[in-house]
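The values are calculated or read from the model by the stated rules, or taken from the named source; none is laboratory data. For clarity, every value in this text was computed on a predicted model and none was experimentally measured. Quick reminder, even Gly has a Cβ in these numbers, built from the backbone with ideal geometry, and neighbours come from all protein chains shown. The protein model used for the area step is the full one, side chains on, heavy atoms only, and it has no ligands, DNA or RNA in it. Shrake-Rupley method; radii C 1.70, N 1.55, O 1.52, S 1.80 Å.
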Amino acid sequence: MHKKLFNTLVFIVLGTYSLSAQDLYMPRNIRNAYDKETRSIDGRPGKQYWQNRGKYAINVTVTPQTKTVSGTEKIEYTNNSKDTLKVLAIRFVNNIHKPEAPRSGYVSTDFLSTGLVINSFEVNGQKYQLDTKDWGTVEDVKLKTPLAPGQTASLNINWNYPLSKQSGREGQIDSTTYFAAYAYPRVSVYDDYNGWDRLPHSDRGEFYNDFNDYTLSVKAPKNYVVWATGDLLNPDEVLQPAFAEKLRKSYLSDEVTHMATAEEMRKGLVTKQNTWNTWKFEAKNISDVTFSLSNHYVWDAGSVVVDEKTGRRASVQSAYSETAKDFTFMVDFGKKALHWFSRNWPGIPYPFSKMTAFQGFADMEYPMMVNDSSTPDPGFSQFVLNHEVAHTYFPFYMGINETRYAFMDEGWATTLEYLIGIDQIGKEAADQAYQDFRVKRWIFDPSGEEDQPVISQSTQVSGLGYGNNSYVKPSLAYLGLKDMLGDETFKKALHVYMERWNGKHPIPWDFFYSINDATKQDLNWYWNNWFFSNNYIDLAIEKVAIKGNNYSVSIKNIGGFAIPFDVKITYADGKESVLHQSPAIWKSNQKMALVQINATAKIQSIVVDGGIFMDARPADNKWK
């Protein structure tokens, strides 16, 4: 073939695919990333993709008398971008507790504190005089010597902050129990589409962090046990010999081991009886570290095989007040969750070495930890734990920007929570829980805030829009896609996306294009329908045309979402049948669909039923 003709054909083919893949609204900064080839329209990281990372060595001391966390840290921060960085954006989420901090809602005085104090700050040996009195949750520090591409800056920081009395995602659980999350100053994310992540934390949205390597040392008084992200490196230095041995055995056992009872904690039998003990942990290539401590919490442990090919196990632990009856099941619940998620959905072995369920108040996920409230219903507590453990994959395995695109993690956690529920309590009960706890609060609320497009940035939508755009609407979209593609194709496509982007920073378009590429289908009609529209769910049987035993059912899509549904047929003799329709029925015409029924006898009634895809006005879904 003539070279000029060949190049022309290549241009036409690639240009056509490019136009197809670009058939989604794309903000200018996102388009620039694709133009610069840091991201690719086939859904892969682009050939120019990069991300920055750090090595954190953190040493903290928790003083129960003053409820203060103080620490020193060394950060080796590497600039892998092609930009020279003239500033470092330093993020400290817990400045949300400062009285003057902007927040998404009202807080009590117990929530308030004085925030972060930086006593010293050095970059490559150069000292900086920083006054943090007016710092918010993220602030720029102008570098005396800019950080060129490929260079590493060495930061040394000495800091302290008070634990808030009111505990939510972090703070004081009780007078001698603390959950310390977001407990250290960090370098904020510098990425290829926004540059520095300077979005302030408002206490409603969630988080966005780089993948870093961490060593964490927590100095706590004797009789305080410390639980944290990462592997405990020195059990023999902090635990009495019998308890250190029990912990080691739990790493290899299917049994639930009662590591420390409330009585053993009260008698001071668990930790080494030094005035202070330093607990050392390590975690690599992870987006955050969190720790907690108590001098009276019960401690359970066990483990489960999460990778059948290698036999790799993950430790499952729990820490809780002796009055929390549901938490006596938490290690067992955690083992079941890790086992199921690893083998079924998403069907990728749990990627970390540990999962700890800590009793607090947040119902919140962290790498290798969850902070869950106690409830009188163990079944509901398991439901919540399943959701939080599912977050291991989204956002922690995938590095998602939750702050801007919460649907990329909450929607998946909601989906996985539903799928594991089918296995644990049966489809009927799981469907009912999903409808009651997730769908109803959205579909039966006609307010305009509910219909904001899912792609809307999470920081820019109302409270109602934030919750339902993050959880239920994207979850229904993912489940609808699963119905349309079938389990095998859906799982293969999901794995392609996850394998390409784990440990990186995917954005929605990376997901959309990756699924398109993996399935070899242009699904932009579906992405536009579910993520870029103001749609909701409302079908109606407009008319039924009868010709002999052939019934033509015209179904109008008033709400607009491309949902799966069943056409339930009841014959005059009482017999019943069901015709299932996948979302593909809406591909050619998203406003109207025609379902043909070749009846075996006279039909008495027809009902259009979306199941968990609940209809805003179900009364017009019936024909007699």
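Just the residues that are open to solvent by 30 Å² or more (accessible area, probe 1.4 Å) and farther than 29 Å from Val472 by Cβ, please, taken from the range 564-583.
Residues satisfying the conditions are Thr570, Ala572, Asp573, Gly574, Lys575, Glu576, Ser577.
Residue by residue through the range 455-468, note down the ones that are assigned to a helix (DSSP H, G or I) and within 30 Å of Arg53 (Cα to Cα). Spell out the reasoning first.
As a first pass, look at the range 455-468 and keep what is assigned to a helix (DSSP H, G or I): 458-460, 463-468.
Result: Ser458, Thr459, Gln460, Tyr466.
For Ala183, indicate whether it is in a loop (DSSP other than H, G, I, E, B) and within 30 Å of Arg266 (Cβ to Cβ).
It is true that Ala183 is in a loop (DSSP other than H, G, I, E, B) and within 30 Å of Arg266 (Cβ to Cβ).
Restricted to the range 309-368, and to residues that are among the β-branched types (Val, Ile, Thr) and touching a strand residue (DSSP E or B) at 6+ places or on another chain (Cβ under 6 Å), which residue is farthest from Gly503 (Cα to Cα)?
Step by step, filter the range 309-368, then rank; the result is Val331.
For Val123, which of the numbered conditions (1) surrounded by fewer than 17 Cβ atoms within 10 Å (Cβ to Cβ); (2) under 29 Å from Lys504 (Cα atoms); (3) β-branched (Val, Ile, Thr) fails to hold?
Failed condition: (1).
Ser353: open to solvent by 30 Å² or more (accessible area, probe 1.4 Å), under 27 Å from Ala180 (Cβ atoms) and among the hydroxyl-bearing types (Ser, Thr, Tyr), yes or no?
yes
Could you tell me whether any residue of the range 394-403 is in contact with a Ser or Thr (Cβ under 7 Å, 6 or more places away or on another chain), of a type outside the set (Gly, Ala, Ser) and under 27 Å from Arg500 (Cα atoms)?
Yes, because at least one residue in the range 394-403 is in contact with a Ser or Thr (Cβ under 7 Å, 6 or more places away or on another chain), of a type outside the set (Gly, Ala, Ser) and under 27 Å from Arg500 (Cα atoms).
Checking Ser81 against (1) out of contact with any Pro (no Cβ under 7 Å at 6 or more places or on another chain); (2) of a type in the set (Ser, Thr, Tyr); (3) open to solvent by less than 10 Å² (accessible area, probe 1.4 Å), which single condition isn't satisfied?
Going through the list (1) out of contact with any Pro (no Cβ under 7 Å at 6 or more places or on another chain); (2) of a type in the set (Ser, Thr, Tyr); (3) open to solvent by less than 10 Å² (accessible area, probe 1.4 Å), Ser81 breaks only (1).
Kindly indicate which of Leu481, Leu523, Leu464 is within 16 Å of Lys587 (Cβ to Cβ), surrounded by fewer than 23 Cβ atoms within 10 Å (Cβ to Cβ) and either of a type outside the set (A, V, I, L, M) or in contact (Cβ under 8 Å) with a residue 12 or more places away in the chain (or both).
Of Leu481, Leu523, Leu464, the one residue that is within 16 Å of Lys587 (Cβ to Cβ), surrounded by fewer than 23 Cβ atoms within 10 Å (Cβ to Cβ) and either of a type outside the set (A, V, I, L, M) or in contact (Cβ under 8 Å) with a residue 12 or more places away in the chain (or both) is Leu523.
Of everything in the range 584-598, what is surrounded by 15 or more Cβ atoms within 10 Å (Cβ to Cβ) and either modelled with pLDDT under 95 or closer than 24 Å to Gly574 by Cα (or both)? Give them in sequence order.
Val595, Ile597
Determine whether the range 387-408 contains at least one residue that is touching a strand residue (DSSP E or B) at 6+ places or on another chain (Cβ under 7 Å), without any contact (Cβ under 8 Å) to a residue 60 or more places away in the chain and either charged (D, E, K, R) or in a helix (DSSP H, G or I) (or both).
Yes, some residue in the range 387-408 is touching a strand residue (DSSP E or B) at 6+ places or on another chain (Cβ under 7 Å), without any contact (Cβ under 8 Å) to a residue 60 or more places away in the chain and either charged (D, E, K, R) or in a helix (DSSP H, G or I) (or both).
Could you look through the range 134-153, keep only residues that are of a type in the set (A, V, I, L, M, F, W, C) and not in a loop (DSSP other than H, G, I, E, B), and pick out the one that is farthest from Val93 (Cα to Cα)?
Selected residue: Leu147.
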